[in-house]
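As C-alpha cells, the structure follows; a few thoughts come after it.
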Amino acid sequence: MNRTKIRAMAAAAAISCSLTAAAAPLDRIRHFVVIYQENHSFDNLYGGWEGVDGLPKTPIAQVDQNGKPFGCLPQNDVNLVQDRPDGKCATGPYALDSFISPADATCPPPGSWAPNGVPKGKGLPGGCTRDLVHRYYQEQYQLNGGAMNRYVAGSDALGLSVGYYETKRLPIYRYLHRPGHPRYAIADRFFQAAFGGSFLNHQWLVAARTPEWPGAIADGSALDLHSVVDANGMPASYEHYASPAGKTIKDLPLTASCGAAVPGHAVCGDFAVNTTQPRAWPYAPGTPESERLPPQTAPTIGDRLSDAGIDWAWYSGGWANAEGDPQQPGFTNGPGPGCADAEAMPGSVWPKCPDKTFQFHHQPFNYFANYAPGTAARVRHLRDETEFVAQVRDSKHGACKLRPVSFVKPLGRENEHPGYASEAAGSDHLVALLAAIEDSACARDTLVIVTYDEFGGQADHVPPPGQGNEKGPHDQWGPGTRIPALIVSPRLPKRFVVDHHVYDTTSILATLERRFKLRPLGTRDAAAANLGGLFGNAAR
C-alpha cells in the first residue's frame, strides 16, 4: 500500500473518530421533542439574545421596487400608523414593544380576522399585530438574491416586516435566565427549509420535499390552481410593488404552470407551495374536493421511524375536537348531539368540532395516504397535545412516559402566529411545555428542539444558503429566511451555547436519522448538518 493511501485512510479514521466522539452524547438521548411554533424570523424574536449574530449595528436599508431606500417606513397596521408632526419616524428596524405592548387589547376574537389589525382597546389583550404575507414567490422577491432588502416592498404589511420584539422581555428569554435554568443552545444560522409559508414548511419538516399534484389542471380556467407570475417572479401587487403592465398575475396554491411564460429563476410545475387543504378531513370547512390536495405517497419521517420500530406521534393542539374523536384526550365537546365547547367553529356538526383557531394546514401527516382516516397508523400516531402534556405530567416521578419522538404543534391561539395569536401568550405556552418537561423524569435524557415553521413575512439580515454567495445545502425550494432555533438538553457541554453551524428545518430530520440510523428522505436532509455538533463543537 502506498503512502498516499495510508495517509488518506489515517485522515478518514481521524475524522470518523472525531465525529463519533462529538455525536456520542446524541446516542444517549432517549427522547426527542420537537416543538414547532409559528411565523417569526430570527431577528424578529432572538435578535437581542446575547452572543448571537443578532440585530446589526448598521441595519440593512429596505428599498422600494426601484431600488431607492425608504425614508419613513410606510405602515398600515392601525396601531403603527401615526401622525408625527415633528417629522420623526422609523426608517429601519424598530422595537414593536414601543408601540404595542403585550397588555394592549389588540387581538381579534378567536376565528375572526382584521386585515390591518385591531385598534387598541377594541380587541382582546395580548398585543397582537396584523398578519403579514408569507408566501412562496413573494419571499424570494423579498430576499432579493441575498440583499435582504425588499421585505417591505414585497409585503402587504409594509413596515411591520422590519419590526422586532425586545428579546429580553420575552417569556422564553426570562425563563432561560432564571437561576437553575436548563442547559440550552441558540442556533443562529438555522433557516426555514423552503421559501414561503406554513403549509410548505410543515411538509418539509416531515418529508423533506414539496408536495405534488399529479395531473393538475392547467387550462387557465377557474379550476386551474397554478400561480401566474410576472417578469419579477411575483404573483401579486402591493402598495409598494406594482406588477409590470400587460400581464394578469395570480397568487394561487400551485407553482406557475410550465406551459406559461415563466422567468428563468421561477420554479414551475405541479407543486403545492402555498396553503392547500388536504383531501382528508380535517380540512377548512367548505373547501371543495377540486381544491384539496390528493393524498401524498412519498415517505415521511414517521414512516422511517415506524419501519425501524421507533415509536412516535404528532401531538396537535385541538386535534381530538377537529378529528371528531371523543375517545382521545383533549375532546371537549361532550356526548352530542351538538358541539358543547363554546370555542368550536360555528356550523360544526358533532363530533367534528374544530376549535375556531385550529389550523388545518398545520397537520402535515394528514396529507399522506399512510395516515388516511380509518388506518391504524392514524390512530396510533396523530394525537392531541393534551395527551403529550399528560405523559409529561405522569413522568414527574419514576420513568419518562414520552415516546422516543414527539412532535408538538400548539393550537392556533397558542402558537405565536401574527394576526390571530399573541406573541406573549404563545411564548408563555412554550415556557409551560419546557418547564413541565424539565420538572419531570424526562429531563435527564430528552433533547427538546424549539423552532418556528417560517419567518412569517418578517425581515432578517443573514442571507440563507444559496442566496448570493452563501454556502450550505440548498436547492430550488430554499432554504428561506433565518428563524429562531432553541435546543434544550442536559447533554450540552455548557449552561449556554451559541451555535454558528448552518442548519435548516431538515436538520431536525438529519438528527433523527443520525440517532436512529434511518435512511434520508431526500437530498436536502442527506446533506444537512445534524445537531450532534452541539455536543462538543459549538461556539460559545
Give, in nm to one decimal, the length gained when the segment between Asp64 and Ala245 is fully stretched (0.36 nm per residue of separation minus the Cα-Cα distance). 63.4 nm
For the range 194-290 the mean separation of alpha carbon contacts under 8 Å (6+ apart) over residue count, i.e. relative contact order in percent, is 29 percent
For the chain, what does the relative contact order come out to in percent, with C-alpha contacts under 8 Å and a separation of six or more? 25 percent
Find out how many positive minus negative residues lie around Pro109, taking Lys and Arg as positive, Asp and Glu as negative, among other residues whose Cβ is under 11 Å from that of Pro109. +2
Compute, for the range 92-176, the length of the dipole vector about the Cα centre, with Cβ point charges of +1 (Lys, Arg) and -1 (Asp, Glu) only. Units Debye, rounded to 20. 120 debye
Hey, if you put +1 on the Cβ of every Lys and Arg and -1 on every Asp and Glu Cβ in the chain, which of Thr129, His381, Leu225 ends up farthest toward the positive end of that dipole? His381
Considering only protein heavy atoms, what per residue accessible area in square angstrom results for the chain with a 1.4 angstrom probe? 39 Å²
Length gain on complete extension for the stretch Ala435 to Arg28, per 0.36 nm per residue less the alpha carbon to alpha carbon distance? 144.4 nm
Of Ser221, Ser427, ordered by accessible area with the largest first and a 1.4 Å probe, the sequence is Ser221, Ser427
How large is the charge dipole for the chain, taken about the Cα centre, if only the Cβ atoms of Lys, Arg (+1) and Asp, Glu (-1) carry charge, to the nearest 20 debye? 1940 debye
Can you give me the distance in nm between label points at Asp219 and Cys72, each placed 7 Å from the Cα along the Cα-to-Cβ direction? 5.2 nm
Students sometimes get this wrong: rank Asp64, Asp384 by accessible area, probe 1.4 Å, all chains present, largest first. Asp64, Asp384
With every atom except the alpha carbons ignored, what do you get for Rg and Dmax of the range 407-540, in angstroms? 15.9, 46
Could you calculate the contour length gain from Val81 to Ser290, that is, 0.36 nm times the residue separation minus the distance between their Cα atoms, to one decimal place in nm? 71.2 nm
Enumerate the lysines that Lys168 could reach by cross-link, defined here as Cα to Cα under 23 Å, with residues fewer than 8 away along the same chain left out. Lys57, Lys494
Which value at 222 nm does the chain reach when only helices count, each DSSP H run of 4 or more adding -39,500 (n - 2.57), with the total divided by all residues and rounded to the nearest 500 deg cm²/dmol? -6000 deg cm²/dmol
So, with +1 on the Cβ of K and R and -1 on the Cβ of D and E, and no other charges, what is the size of the charge dipole of the range 328-435 about its Cα centre, to the nearest 20 debye? 480 debye
Order by accessible surface, 1.4 Å probe, largest leading, for residues Trp350, Trp204 comes to Trp350, Trp204
Residues with beta-carbon under 11 Å from that of Tyr165, excluding Tyr165: net charge, scoring Lys, Arg +1 and Asp, Glu -1? -3
Counting only DSSP beta bridges with both residues in the chain, what percent are antiparallel, rounded to the nearest 5? 35 percent
Return, ordered by residue number, the residues of the range 41-63 whose backbone nitrogen is under 20 Å from a label point located 7 Å along Cα→Cβ of Ala95. 41-60
Given a Förster distance of 35 Å, report the FRET efficiency between Trp113 and Gln327 from their Cβ-Cβ distance, rounded to the nearest 0.05. 0.60
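The values are calculated or read from the model by the stated rules, or taken from the named source; none is laboratory data. Note that the coordinates shown come from a computational prediction; the quantities given were computed from them, not determined experimentally. Virtual Cβ from ideal backbone geometry, glycine too; neighbours counted across all protein chains shown. All accessible areas refer to the heavy atoms of the entire protein, side chains included, with ligands and DNA or RNA removed. Shrake-Rupley method; radii C 1.70, N 1.55, O 1.52, S 1.80 Å.
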